[in-house]
Structures are given as structure tokens and as C-alpha cells.
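To start, the structure under review is shown below, and the notes come after it.
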Amino acid sequence: MKRKKSSGEYLAFLSAKYEVDPDTFFYALLSAGENQKSSCGNLSIECRGKIKDKIIFLITENSQVVAQLSVSEAFLTKEGNPIRSFMETDMVRKHEARKLRSPASYSIQDLRAGMNHVNLKAKVLEVTQPKQVFTRYGNYASLAKAVIEDGTGKIKLCLWNDQIDAVSAGSTVQIENARTSTFKGERQLSLGKTGTVNNIEHFEDEMMPTDLQ
């Protein structure tokens, strides 16, 4: 039977997930208990009342509900910060492990051959006409190359078959889980079987460093 997580474990998990210092989080809970509302980082905390010896908290981020949970008064009145004693529990460790496995977001200037699990947002400058190539798997496939830039540099993106229709010159794309390699001494990105490329509507100006303008 699966063990129910304690409020301490769940609060430690929220602290890790939303990158809020455990001490700041704990004292924000105390403040909400006394003053009805408080905030820490991007989180807002509201005291919704009491049931017996437990205080009900509603936690939101940008008006979106993150959690509603009850915390015992005994937990809140413990000496020091009891949340810290739960920061090494399995729930938090699993979350941190998932973060480490998540693809990292890069700028083009940071890319080096051999990198995997790359996230990248860039503008498409041009796309070559597809051509049929014979692959190492013994079949023919359509291949095109797009030149993309993000304000820090340019790189070629290899597109196979259906991926080719996902981009067009002038569009902005979000690339997920790509890998980098070199071909004839030139860096290039490829998506493989697990990578994706999707059009997005806007290209944020803050991606363009002022010293490059």
C-alpha cells in the first residue's frame, strides 16, 4: 500500500519545484497563518481557515492553483524550520533527478559537437530544397537543412521527412531534445527520433544581446 506523503514532505517538494528557499517558504507560511496572506518568490500563500488543529493553505502561482493543503499547528510551531528536515526525502530527490535529465536550454554560441538533450529557440533564415538520400539504414529519406539564428550565432539544422514541413523561412521555432555534431568541419543540429521542432509565434527581443545589435 502506497504511503501517504506528509505535509512536511510535500512542502519540501514545493520548495524544490518552485525554487523557493525552504526558510523563506516556511516563514511565508507562518506569515500567512497570522496575516491571512503572504508571498515568496512567484508563489502566493493564503490562509483559508482552520480545521481542528490544522491550518488550510492555498498556494498559487500567477493566479494558478499550485496546491491546497492542511498543515498542523504543531508542525508550524516547531523550533527552527522543519521543512529543511524533509529536503532529502525521496519525493524531493526524484524531482531533482528529473530536472537533471531534462533537456537544457542553450544559445547557439554555447553549442559544441557531441552535446545531447539540447533545447533551443531560434529564427529560421532559410531552408534548402529537400533531396533524397540513401541512409545507413538501407532506405531513402528526404533531407533538408535550415539555417537558424538566435542573436548569438547561426547553425544548420538537419531536417528529415515530416520535420521539413514543420519549418519555413522567417518563422521562429522551438527545438527540443536535439543533438550537435560536425559535418565537414561545420557544426550542425539534428533531431533524431526523440527530438522535435515546432513553430512558435513570437521571437522575444531579450534573446538578442545588445552588444550584438
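Of note:
- Computed from the C-beta positions of Phe134 and Ala97 and an R0 of 35 Å, the FRET efficiency is 0.30 to the nearest 0.05.
- Multiplying the residue separation of Glu34 and Arg84 by 0.36 nm and subtracting their alpha-carbon distance yields 15.9 nm.
- Along the chain, longest interval not containing exposed GluC sites (Glu not before Pro), exposed being DSSP loop plus at most 13 other Cβ atoms within 10 Å: 89-200
- Here r is the Cβ-Cβ distance between Thr194 and Lys5 and R0 is 41 Å; the resulting FRET efficiency, rounded to 0.05, is 0.85.
- ³J(HN,Hα) computed for each position of region 119-125 - Karplus, 6.51 cos²θ - 1.76 cosθ + 1.60, integer Hz, glycine/proline x: 9, 7, 10, 7, 9, 8, 8
- Site-free segments of the chain were taken between trypsin sites (Lys or Arg not before Pro) in DSSP loops having at most 16 other Cβ atoms within 10 Å, sites themselves excluded; the longest one is 137-183.
- Listed values [x] 66, 44, 37; [y] 57, 44, 31; [z] 71, 46, 26, entry calculated as Cα extents along the principal axes in Å: [z]
- Lysines whose Cα lies under 19 Å from that of Lys131, excluding same-chain neighbours fewer than 8 positions away: Lys145, Lys156, Lys184
- Taking label points 7 Å from Cα along the Cα-to-Cβ direction, Lys52 and Lys184 give a separation of 7.5 nm.
- Rough spin-label spacing in nm, given labels placed 7 Å along Cα→Cβ, for Thr24 and Ala113: 4.2 nm
- Computed E for Ser63/Asn161 - FRET, C-beta separation, R0 41 angstrom, nearest 0.05: 0.50
Coordinate-derived values only; no laboratory data. The shown structure was predicted, so the numbers you read here are calculated from the model rather than taken from an experiment. So basically every Cβ, Gly included, is an ideal-geometry build from the backbone, and we count neighbours across all protein chains shown.
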